[in-house]
1. Taking 0.36 nm per intervening residue step and subtracting the Cα-Cα distance, what contour gain separates Ser379 from Ser668 on full extension?
2. Got the relative contact order for region 250-359 handy, in percent, Cα pairs under 8 Å and 6 or more residues apart?
3. Short version: ³J(HN,Hα) in whole Hz for each residue of region 108-116, in order, from phi by Karplus 6.51 cos²θ - 1.76 cosθ + 1.60 (θ = phi - 60°), x for Gly and Pro, what are they?
4. Which whole-number percent is the relative contact order of region 201-282 (Cα, under 8 Å, 6+ apart)?
5. How much length would be gained if the chain were fully extended between Arg90 and Arg503, taking 0.36 nm per residue of separation minus their Cα-Cα distance, in nm to one decimal?
6. If you filter region 599-678 for chymotrypsin sites (Phe, Trp or Tyr not before Pro), then keep DSSP loop positions with at most 15 other Cβ within 10 Å, what is left?
7. Could you work out the Rg to Rh ratio of region 162-218, with Rh taken as the Kirkwood radius (inverse of the mean 1/r over all Cα pairs)?
8. Between region 265-323 and region 654-678, what is the separation of their alpha carbon centroids in Å?
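Laboratory data are not the source of any read-out in this text; all were calculated from the coordinates shown. Being a predicted model, the structure only gives us computed values, none of them experimental. Cβ: placed from backbone, ideal geometry, glycine included. Neighbour counts: every protein chain shown.
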Amino acid sequence: MESAKKKNDDNGDDAGVERGRVGLLYDERMCKHHTPDGEDHPENPERIRAIWRKLQSAGITQRCVVLNGKAAEDEHIASVHAHNYIKMIRNLSTKEVDPRRNKIASKFNSIYLNGGSSEAAYLAAGSVIEVSEKVAKGELSSAVAIVRPPGHHAESNEAMGFCIFNNVAVAASYILDEKLELGIHKILIVDWDVHHGNGTQKMFWKDSRVLFFSVHRFDFGTFYPTGDDGSYTMVGEGQGAGYNINVPWEHGQCGDADYLAVWDHILIPVAKEFNPDMIIISGGFDAAVGDPLGGCRITPYGYSVMMKKLLEFAEGKIVLALEGGYNLDSIANSVLACVKVLLEDKPLSGALEAYPFESTWRVIRAVRKELCTYWPILSNELPKEALAINKKVFSFELISSSDSDAENDEAFKAPSESKNDSIGNLVEKFQNVIRPLSLIPFEESAQVKAIGSSVSWRAVFAKTDIWYACFGSNMWMPRFLCYIQGGQVEGMQKPFPGSIDKRLPKDIMWKIMPHRLFFGRSHTCTWGEGGVAFLHPESSIDDKTYMCLYRITLEQFNDLIVQENVLVQENVQHDSMITPFFDSTSLDSAVTNKSIVLEAIKEGWYSNVVHLGTEGALHILTMTCSLSDVESFKSGEHPLRAPSKGYMNTLVRGLVQGKQLSEDEAISYINGACTKPL
Ligand code: Q9C
Ligand code: ZN
């Protein structure tokens, strides 16, 4: 550490041009903590290596004061952790294989341990202490500690959620308890990791010297670490009452606009009042766009603005300590953006995505109401602009895709009756029905533009197959393929861009499902009169619906969701695909609860993804309306309406060519679904 510091001092020309001295701490020894038998794990050594490499290649490391890690002293850790726990971590063996150590790990929630874990944990905690002390002293103006294992889930006597020691809590306590002479009496901890910082919250629960602020996915207590701890009602106790602020998102997909609304309407006003002497950021980057666990979408630009707004406080004394963040590119670019802010580089250019979610204003209101007795500034009305914006939030309009008016188009040639037509053969036969995308004058698709930033989730989701089950016009394969390959079949008034991954469905099959098919809505804005098909989300043994199942990837399914719920504002569609609408959390939820209404597109008519079971090892998913929409259909608020002739023809064609029903049978099947009361 000394040598690194000296080197930089000698190199004063470079460091001298910088406005201040920004510390950067990195130590390869923290990579020694990894899974004991080498299985993949999101919290792996490559995380900090990727960040370090990025800072090096961006020429940032030369402009900073580079520090090596330093192991924490037990007595300093003891200010927030129990002695027995510290002893246990200290005494973890360094052996390559140790069943006893595995047994210890298994007693904790989401924890692995290996021969390097103890050393890395001490280094992570000690390193955050080290940079915090230097910032507190003014030796450094600010600092970034690229540490692992992370810390904010760790509790007094418990490792948890990939965390062993609570690095940030250890450092804050050290500065407040051991270094009174430095004049740091109030610390603001900003925890922007996508998960709630349960450990840190507990450690300063009754402490008014630490204002703990955490913004995290909560999903009504179902998101890790689950339970009520992350609720906005958890405000602290005793002296600490009002000094614990939770901002619990109701769902994923939150991005720059949501976080900055929280900054502007909660964090910054409170920080002005609290007037911290120093800020420590529990800097998880798992709310970044592209993160496989978080499902949120903060961009590097978003992080840079969040950072910049905090730099106005505590004379810029900020320590950023790494917590979570599991997409290597996302975390590297996000940390880079943050360091640039500390170096006071000219701001990143970037534009904020559209608007916060409606739910974001709901959460902000709830938090402000809960805390306004402690922070009177929060009792003011939210500014009018916020309300105006609220109205505009994500107003989608469905341009139905399930109501093709395709009449008997000349181009169509019936496929052969052969029973063992492969998908490829079938597609070839249908191909002449689809106007290939390449022939249609078409602006570069918004989705295609978004590829750059969404490679990672796409790469992951491209590897998971699901069965997409349809009951409407998509039963007719040429119509469905418009969503995969792009293009339009005759009768459609506009082409669809298709999926990014244009590979054909790997398989196709039919099933009869015990659900009610019905037709509703009076018309669609582009297709005119007539209802479109919906499936009752709940099953009932008295009902039968023919469903055509296409084996596609989860990535294609997401592209399908966007096209099925066509979004009016182009930029919204564009933004929407930076992260998947339907992610692994949504899938879990759909499997557990049978269905999930996707918040981000809840205004769409097909925003409800229903899990219909499994086939082989794969999930069967469909898209339909929400249960509350069903109620609206029942009450007459939404009309039930038979399909137009053209739409009817498409459905019949799908059922007949899928060899499910004769033409007459298909017609009476649809008519039955139209006439039977809901
Ligand atoms: N079903 C941090 O980001 N997930 N920790 C466990 C169990 C644990 C995340 C899921 C996520 C821990 C520091
Ligand atoms: Zn996290």
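1. Working: separation 289, 0.36 × 289 = 104.04 nm, distance 6.12 nm.
Full extension of this stretch gives 97.9 nm more.
2. Working: 174 pairs, mean separation 39.6, N = 110.
Computed over region 250-359, the figure is 36 percent.
3. Taking θ as phi minus 60°, the curve returns 9, 8, 6, 9, 10, 9, 9, x, x Hz for region 108-116.
4. Relative contact order of region 201-282: 31 percent.
5. Working: separation 413, 0.36 × 413 = 148.68 nm, distance 5.25 nm.
Full extension from Arg90 to Arg503 adds 143.4 nm.
6. Details: sites: Trp605, Tyr606, Phe633, Tyr647, Tyr669; in loops: Trp605, Tyr606.
Answer in residue order: no site qualifies.
7. Numbers: Rg = 11.7 Å, Rh = 11.9 Å.
For region 162-218, the value is 0.98.
8. Using only Cα atoms to place each centre, the spacing works out to 56 Å.
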